[in-house]
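Student: Questions regarding the structure given below will be posed in turn.
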DNA sequence: GGCCCGATTGACTGGTCAGTCAGCCAGGCT
DNA sequence: AGCCTGGCTGACTGACCAGTCAATCGGGCC
């Protein structure tokens, strides 16, 4: 069998198992032994690849969040602000569609747990809010968004609305068929921007 | 000294101490002994008044959440939907202004922890979303809100936006002076309703 | 005084886990 | 063959803490 790769595969295998178990039981009530069992691997091997249980969650979060940050930054400055907001909302919704368990873990255990675990990641989280606020500010400068609503306020409202939608799906508060996903991002943008655009 | 009341006082005293400690350290990392110390009371007394650590958090949440539900329900059906939304937003913002520690605990440990602790309270939480959705639906029926945005979606976006603002205050992501509180509720309503109202 | 009873105390127990560690095994190299 | 290395194993330990309980306190009442 291939000799250089199995180590890498095992690491990923453990991380993937961790996502499933964290999503199912929540971070605090998963034992490291649950992760090892789910991955079909010995208890000690987890500590061969990861320094601690926390590090696994850290890594899962940072991996995905950096993609979000990149997405926000990458949208071209010449693109209309409204489209840039739609790109952000679309990325988040697609992330959920593609891997709901991972997004559940990120939102429930990190983003919405700023008091315990998320504290470590506050700077990264704050960074996303600021980048979104910049998009809003740009829209205000261009005159396509009204400027009597503070950009930081608008940014938080926008992000909060999206995250709440995901929470609704995660906890089965609203239906989550694929056509719901398709419309979701547009609806949020429509709701928020409609209120931001001057009439 | 008064003989019938001290028991009641002690109970309240413990509950108040719990709020402070939960807010400071988070539910999971507060030991029952921390609460007892903060309340200036013996460890065992906590268990004289409460069945468990969980029960304290349950009680804190339900106490406040039932007030929110009452507020949403009480707004008169003849009041314009937009004003009713403003009343809801106002109540939440005022709750925070009046007792930020309690609101921090409720949001961080219950409302945004639906995977662990909030699970127990999902029905109550869902109830609030539904009542808000009814206000939106009423607005749509009256023709003052556009009806191409699903009422449940709008409800989640609205609530999500407010909660995110509180989170912003809680974690010092945005300034929280008293004039910020004054404007916050109006801004959220303005943002969301502006997008909901037909042009 | 003597009894009763609820409030109050805090030492102790039982159970749970995160993280450690001593060693095993397989396959490559000499 | 014999050695070495690093992935891999899982029993074990040390710390932590929720919840228990036997004992004490104090005030009302006879």
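The values are calculated or read from the model by the stated rules, or taken from the named source; none is laboratory data. Owing to the predicted nature of the structure, the values given are computational and were not obtained by experimental measurement. Positions of Cβ are generated from backbone atoms using ideal geometry, with glycine treated the same way; all protein chains shown enter the neighbour counts.
Student: Filter segment A:30-40 for residues that are near DNA strand C (Cβ under 7 Å from one of its atoms) and away from every other protein chain (no Cβ under 14 Å) and give the result.
Tutor: A:31, A:32, A:33, listed by residue number.
Student: Identify the single condition in (1) under 20 Å from residue B:79 (Cβ atoms); (2) crowded, with 19+ Cβ neighbours inside 10 Å that residue B:138 does not satisfy, given that it satisfies every other one.
Tutor: Condition (2) is where residue B:138 drops out.
Student: Here's something else I'd like to know. For segment A:62-72, state whether one or more residues are within 14 Å of chain B (Cβ to nearest Cβ), modelled with pLDDT of 95 or more and away from DNA strand D (no atom under 16 Å from the Cβ). Even if it seems obvious, please write down each step before you answer.
Tutor: We begin by selecting, within segment A:62-72, every residue within 14 Å of chain B (Cβ to nearest Cβ); these are none.
No, because not a single residue in segment A:62-72 is within 14 Å of chain B (Cβ to nearest Cβ), modelled with pLDDT of 95 or more and away from DNA strand D (no atom under 16 Å from the Cβ).
Student: Checking residue A:19 against (1) within 12 Å of DNA strand C (Cβ to nearest atom); (2) assigned to a helix (DSSP H, G or I); (3) surrounded by 14 or more Cβ atoms within 10 Å (Cβ to Cβ); (4) within 14 Å of chain B (Cβ to nearest Cβ), only one condition comes out false. Which one?
Tutor: Residue A:19 satisfies every listed condition except (1).
Student: Return the residues of segment A:120-169 that are in contact with a helix residue (DSSP H, G or I) (Cβ under 6 Å, 6 or more places away or on another chain), within 11 Å of chain B (Cβ to nearest Cβ) and without any contact (Cβ under 8 Å) to a residue 12 or more places away in the chain; say none if nothing qualifies.
Tutor: Answer for segment A:120-169, where residues must be in contact with a helix residue (DSSP H, G or I) (Cβ under 6 Å, 6 or more places away or on another chain), within 11 Å of chain B (Cβ to nearest Cβ) and without any contact (Cβ under 8 Å) to a residue 12 or more places away in the chain: A:153, A:160, A:164, A:168.
Student: Considering A:13, A:55, which residue is in a helix (DSSP H, G or I) and touching a helix residue (DSSP H, G or I) at 6+ places or on another chain (Cβ under 7 Å)?
Tutor: A:13
Student: Further, regarding this structure: Being touching a residue at least 60 places away in the same chain (Cβ under 8 Å) and more than 9 Å from DNA strand C (Cβ to nearest atom) is the filter; apply it to segment A:41-65 and report the residue that is nearest to residue A:131 (Cα to Cα).
Tutor: A:65
Student: Still on this model: Please give the number of the condition residue B:27 fails out of (1) away from chain A (no Cβ under 14 Å); (2) outside any helix (DSSP H, G or I); (3) within 13 Å of DNA strand D (Cβ to nearest atom).
Tutor: Residue B:27 satisfies all of (1) away from chain A (no Cβ under 14 Å); (2) outside any helix (DSSP H, G or I); (3) within 13 Å of DNA strand D (Cβ to nearest atom) except (1).
Residue by residue, here is whether (1) more than 11 Å from DNA strand D (Cβ to nearest atom); (2) closer than 14 Å to residue B:57 by Cβ; (3) at pLDDT 95 or above holds:
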| position | (1), (2), (3) |
| --- | --- |
| B:9 | yes, no, no |
| B:14 | yes, yes, yes |
| B:37 | yes, no, yes |
| B:42 | no, no, yes |
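Student: Moving to a separate point now. Which of the residues belonging to segment B:73-119 are part of a loop (DSSP other than H, G, I, E, B) and either out of contact with any helix residue (DSSP H, G or I) (no Cβ under 9 Å at 6 or more places or on another chain) or over 18 Å from residue B:184 (Cβ atoms) (or both)? Show your work before the answer.
Tutor: So the first thing to find is which residues in segment B:73-119 are part of a loop (DSSP other than H, G, I, E, B), and the list is B:75-80, B:99, B:112-117.
Answer for segment B:73-119, where residues must be part of a loop (DSSP other than H, G, I, E, B) and either out of contact with any helix residue (DSSP H, G or I) (no Cβ under 9 Å at 6 or more places or on another chain) or over 18 Å from residue B:184 (Cβ atoms) (or both): B:75, B:76, B:77, B:78, B:79, B:80, B:112, B:113, B:114, B:115, B:116, B:117.
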